[in-house]
């Protein structure tokens, strides 16, 4: 077995029911891999595949970024720990959800998208259709000129006009 494979196997969590995660008095995340291990703090969470496998392959890392645990899924994780993991990952992301597209002005080099989101109306500046991608699960991600990401969770749930505007610009 190679060192890389050994390293990967050593972080994989085969018994997620024993894993515990909580916040200490300073608000830092604390990890205990199993009841026999010492707590490790602070730790941080990262999605290994944030777009394609959002709820799978969650990495728990120490303050230096070294992976301590790789959760293949949250199945079997104790409910309080699972809720904290989900909450922490949701807070890390700021991805407004587009609920309607009011207008797309593509007469210039940069397209101006007037959209409504779950956080209010906004105008996006989108460089090209390559910045608008539909993922395998049906979600559409739109990247603005500043690198911000906006999500259409379900294209079919948009009104007909909004859906047509998005579909006309898919990269």
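The values are calculated or read from the model by the stated rules, or taken from the named source; none is laboratory data. Everything quoted here is computed from the prediction, not taken from an experiment. Counting neighbours? That spans all protein chains shown, and the Cβs are built from the backbone with ideal geometry, glycine included.
Observations, loosely collected:
- Checking each residue in the range 34-55 for being in contact (Cβ under 8 Å) with a residue 24 or more places away in the chain, surrounded by 14 or more Cβ atoms within 10 Å (Cβ to Cβ) and assigned to a loop (DSSP other than H, G, I, E, B) picks out 50, 51.
- Hits in the range 126-153 (condition: loosely packed, with under 15 Cβ neighbours inside 10 Å and either more than 16 Å from the chain's Cα centre (by Cα) or over 20 Å from residue 93 (Cβ atoms) (or both)): 127, 128, 129, 130, 145, 146
- Looking across the range 154-171, just one residue is within 21 Å of residue 94 (Cα to Cα) and out of contact with any strand residue (DSSP E or B) (no Cβ under 8 Å at 6 or more places or on another chain), and that is 154.
- Scanning the range 140-171 for residues that are assigned to a loop (DSSP other than H, G, I, E, B) and within 15 Å of residue 101 (Cα to Cα) returns 144, 153, 154, 158, 159, 169, 170.
- Flag for residue 102 being part of a strand (DSSP E or B), over 24 Å from residue 52 (Cα atoms) and either touching a residue at least 60 places away in the same chain (Cβ under 8 Å) or more than 21 Å from the chain's Cα centre (by Cα) (or both): yes
- Sole residue being touching a strand residue (DSSP E or B) at 6+ places or on another chain (Cβ under 8 Å), farther than 25 Å from residue 157 by Cβ and either at pLDDT 90 or above or assigned by TED's automatic domain parsing to the domain that holds residue 29 (or both), chosen from 110, 115: 110
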